[in-house]
Amino acid sequence: MRRNWLIGLALLVVTAGLLFGVSAGALWDPHEVTVAELSRRIALHLLGGKGLAIPHADNSLPIRADLGRGELPFTSAALGLRLFGLSAWAGRLPLALWALAGLGSLYAALARIWDRRVGSYGVLVLASMPLYFLQARTLLGDAVTLSTFTLAWSGLSVACLPHVSQRARAGFGLRGMLGLYAGFWCRGPIVSVA
């Protein structure tokens with residue numbers, strides 16, 4: 001009983017660190033600034049964020065070559081900028097939400113494959129892993145890629161189990177396919193899908 005309480009507390013601390021960490025600190029120059037600028041331009045043109053135009057700055061719609069990778073991380077950050085304005089936390093929040101979606105999917109899969117305790121341990125390990133934790137709190141964009149991989153693995157691994165009901169298999173299979181589709185728009189077919 002005490003161990004379950006400690007796991008719950010640890011999960012709460014890690015989740016709070018993910019969510020509240022998005023407002024900590026300024027943008028890292030040049031990495032986060034580049035992603036924020038490209039996301040601002042996407043929000044300006046594709047999401048109707050007319051108030052995001054900056055005088056005497058490049059306000060053109062970026063092309064795929066400007067992005068250097070898939071559009072989904074940039075579009076996710078652009079949605080945050082469109083909804084909440086130009087601030088570091090507004091661009092980081094959607095990436096943290098993607099990371100939480102990946103953690104929720106991992107928990108659902110591990111709880112189905114083994115049990116809830118294994119699901120809690122798995123989420124705690126992934127959420128406190130430095131790469132996942134850092135990417136979820138910064139505007140670098142790879143939190144979306146890591147999350148889509150987690151969604152794909154979680155969904156497809158449960159869908160392949162023989163003892164799962166048809167309804168659960170279809171739901172997890174759909175989650176896995178959604179993870180693969182979103183992953184395609186993050187890093188392409190080789191890195192995120194294959």
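The values are calculated or read from the model by the stated rules, or taken from the named source; none is laboratory data. Keep in mind the model is a prediction, meaning the values are calculated, not measured. Here the Cβ is made from the backbone with ideal geometry for all residues, glycine too, and neighbour counts use every protein chain on show. The accessibility values were calculated without ligands, DNA or RNA, using every heavy atom of the protein model including side chains. Shrake-Rupley method; radii C 1.70, N 1.55, O 1.52, S 1.80 Å.
Looking across region 161-183, the residues that are part of a helix (DSSP H, G or I), of a type outside the set (D, E, K, R) and open to solvent by 80 Å² or more (accessible area, probe 1.4 Å) come down to Gln166, Leu174, Met177, Leu178, Tyr181. Filtered by the rule that a residue be modelled with pLDDT under 90, of a type outside the set (Gly, Ala, Ser) and closer than 16 Å to Asp142 by Cα, region 42-72 gives a lone residue, Arg69. Looking across Thr34, Thr75, one residue alone is of a type in the set (S, T, N, Q), farther than 21 Å from Leu126 by Cβ, at pLDDT 90 or above and out of contact with any helix residue (DSSP H, G or I) (no Cβ under 9 Å at 6 or more places or on another chain). It is Thr34.
Could you check region 21-80 and list, in sequence order, the residues that are buried (at least 20 other Cβ atoms within 10 Å of the Cβ) and small (Gly, Ala, Ser)? Selection gives Ala36, Ser39, Ala43, Gly49, Gly70, Ser76, Ala77, Ala78, Gly80. In the set Val158, Val125, Val144, only one residue is surrounded by fewer than 19 Cβ atoms within 10 Å (Cβ to Cβ) and either over 21 Å from Arg64 (Cα atoms) or not polar (S, T, N, Q) (or both); that residue is Val125. For the criterion of being crowded, with 22+ Cβ neighbours inside 10 Å and under 19 Å from Gly17 (Cα atoms), Leu134 fails.
Among the residues of region 108-122, write down those that are among the hydroxyl-bearing types (Ser, Thr, Tyr) and surrounded by fewer than 18 Cβ atoms within 10 Å (Cβ to Cβ).
Within region 108-122, Tyr121 is the sole residue that qualifies.
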